[in-house]
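A quick write-up on the structure given underneath.
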Amino acid sequence: MDFKTKAAILAEIDPQILTADGFEEALVGYATQFNKTVAVYDREKCLAILRTRDGMDEEEAEEFFSFNVEGAFMGERTPAFLTFFDNLETSDGR
């Protein structure tokens with residue numbers, strides 16, 4: 001599904017849902033908590049976009065994303081960034 005279609009679905013649910021500019025390919029869905037719905041992005045895909053599009057290395061992408069994207073509060077409809085358990089590295093190999 002392309003971003004335009006995804007954005008139309010979000011707008012139909014709630015026209016105040018915010019999206020993260022420049023990370024259209026990482027938009028994976030939406031989440032609802034109590035009475036608010038937010039756009040949900042795959043965090044790893046966002047980092048990959050920064051590495052590919054902006055030429056950042058892994059550390060630069062993580063620092064930039066953490067501070068400028070994930071840490072940017074835009075109100076109660078601020079997007080959420082999902083980390084999948086499968087993407088976590090653990091010291092015990094699980």
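The values are calculated or read from the model by the stated rules, or taken from the named source; none is laboratory data. Here the structure is a predicted model, which is why all the values come from computation and not from measurement. Heads up, the Cβs are rebuilt from the backbone with ideal geometry, glycines too, and the neighbour counts pull from every protein chain shown.
Values as computed for the structure displayed
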{"item": "Exclusive hit being crowded, with 16+ Cβ neighbours inside 10 Å and over 30 Å from E12 (Cβ atoms), set A39, A61", "result": "A61"}
{"item": "Residues within the range 73-90 that are more than 9 Å from R43 (Cβ to Cβ) and either at pLDDT 95 or above or basic (K, R) (or both), tallied", "result": "4"}
{"item": "Candidates I17, I9 - the one that is among the hydrophobic types (A, V, I, L, M, F, W, C) and within 13 Å of T78 (Cβ to Cβ)", "result": "I17"}
{"item": "First in the range 39-65 and within 24 Å of F85 (Cβ to Cβ), second anywhere and surrounded by 14 or more Cβ atoms within 10 Å (Cβ to Cβ) and of a type in the set (S, T, Y), Cβ under 8 Å, 6 or more apart", "result": "A39/T19; A39/Y30; V40/Y30"}
{"item": "Among (1) free of Cβ contacts under 8 Å to residues at least 60 places away in the same chain; (2) within 15 Å of the chain's Cα centre (by Cα); (3) surrounded by 13 or more Cβ atoms within 10 Å (Cβ to Cβ) - the single one R77 does not satisfy", "result": "(1)"}
